[in-house]
Amino acid sequence: MTTTPNVASNDLQARADFFRDHSYVVLPDLLSPDLVAEMNAAIDRDHAEHGYFWDCEVSRNGTSNLLLTEPVFEEAVRHPDVLALVETLMGGPVCFEELSVQITRPSAEARPTGWHRDCGHWVDHPLHLDYPQIIYYLTDVGEGDHHFTISPEPAGGDVLDTPAQLERGGAFPFHGNAGTGILFNAATLHGATLVKTGRERRILQVYYGHPDQPSLSQVTLMPPRLWRDDPDPEIRRFYGKLNRYTQDMRRWLGADDEMGGRGR
């Protein structure tokens, strides 16, 4: 299986240039088959042991708190190729925002793409880039499978409404092997496309942000082992932007003093 046509170079600058033209770039085979298998086993284990984090109002078939129980996902969050590209595009230090897993179940019917934008464009940034997102496929995804679809747009260009953007950029279906990723601006028009299939699709979503901008969401609890206890000051900084969910849980549980009172 091959990914949808994309920049043919592994060169950092070529990938950044492609992103500037399209607001996305495909990154083939980022996660090894062994790592993908380990992550899928971790998903199954967490669902069985911590089902109270699943099937909630935020997502009927997903969770945003795997970092609490399954450290293996940190390898996807801080993948060196991804971080290098995100830092290049952002033009400065970046931080962690959110990690989510979504499972799209088999379907007896097809459904059109659920077009949406996760957030607004940050027009003060040269690429309108506030929250980059990478989606990793954790299952092989071909033309007969549920898949991610994006409508390419020039980074930093005019922001159009949905009909006008689809006329300008069209629809790009993302197919690829398990372990392949697509990095894009979370403000770019995108959505899941469901097809009639007996196969489920699994994806891992990681969001990044600027340390001095508001938190993107309130769904991922930040583990203290990362933002407080890790011996590496860069890792503590990277995970140190505590969203309101984390801060409220600390306060409600009386853990502020224990955790050093650190927060944002």
Which condition does ASN243 not pass, out of (1) out of contact with any Lys or Arg (no Cβ under 6 Å at 6 or more places or on another chain); (2) among the polar types (S, T, N, Q); (3) closer than 22 Å to TYR136 by Cα, if it passes all the others? (3)
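Here's the yes/no breakdown for (1) under 27 Å from GLU87 (Cβ atoms); (2) small (Gly, Ala, Ser):
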| site | (1), (2) |
| --- | --- |
| ALA110 | no, yes |
| CYS119 | yes, no |
| HIS125 | yes, no |
| TYR131 | yes, no |
| GLY142 | no, yes |
| ALA155 | yes, yes |
Any residue at all in region 213-230 that's among the charged types (D, E, K, R), touching a strand residue (DSSP E or B) at 6+ places or on another chain (Cβ under 9 Å) and surrounded by fewer than 17 Cβ atoms within 10 Å (Cβ to Cβ)? no
Matching residues, region 159-180, being over 24 Å from HIS125 (Cβ atoms) and free of Cβ contacts under 8 Å to residues at least 24 places away in the same chain: PRO163, GLU167, GLY170
Name every residue in region 104-150 that is within 11 Å of LYS196 (Cα to Cα) and among the basic types (Lys, Arg), in order of residue number. ARG105, ARG111
Test for THR180: is it surrounded by 23 or more Cβ atoms within 10 Å (Cβ to Cβ) and touching a Pro at 6+ places or on another chain (Cβ under 6 Å): yes
Exactly one condition in (1) under 30 Å from VAL159 (Cβ atoms); (2) touching a residue at least 12 places away in the same chain (Cβ under 8 Å) is not met by ALA42; state its number. (1)
Evaluate region 181-196: report whether one residue or more is at pLDDT 95 or above, more than 22 Å from GLY120 (Cα to Cα) and not in a loop (DSSP other than H, G, I, E, B). yes
Note on region 129-149: residues in contact (Cβ under 8 Å) with a residue 60 or more places away in the chain, among the β-branched types (Val, Ile, Thr) and either over 26 Å from PRO93 (Cα atoms) or not in a strand (DSSP E or B) (or both) are THR139, VAL141
Using the structure shown, decide if GLY156 is surrounded by fewer than 17 Cβ atoms within 10 Å (Cβ to Cβ), in contact (Cβ under 8 Å) with a residue 60 or more places away in the chain and in contact with a helix residue (DSSP H, G or I) (Cβ under 9 Å, 6 or more places away or on another chain). yes
Given the criteria under 23 Å from GLU98 (Cα atoms) and in contact with a Leu (Cβ under 9 Å, 6 or more places away or on another chain), does HIS121 qualify? yes
Closer than 19 Å to VAL25 by Cα and either within 15 Å of the chain's Cα centre (by Cα) or in a helix (DSSP H, G or I) (or both) - does that describe any residue in region 102-111? no
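The values are calculated or read from the model by the stated rules, or taken from the named source; none is laboratory data. The model shown is predicted, which means the values in this text are computed figures rather than measured ones. Virtual Cβ from ideal backbone geometry, glycine too; neighbours counted across all protein chains shown.
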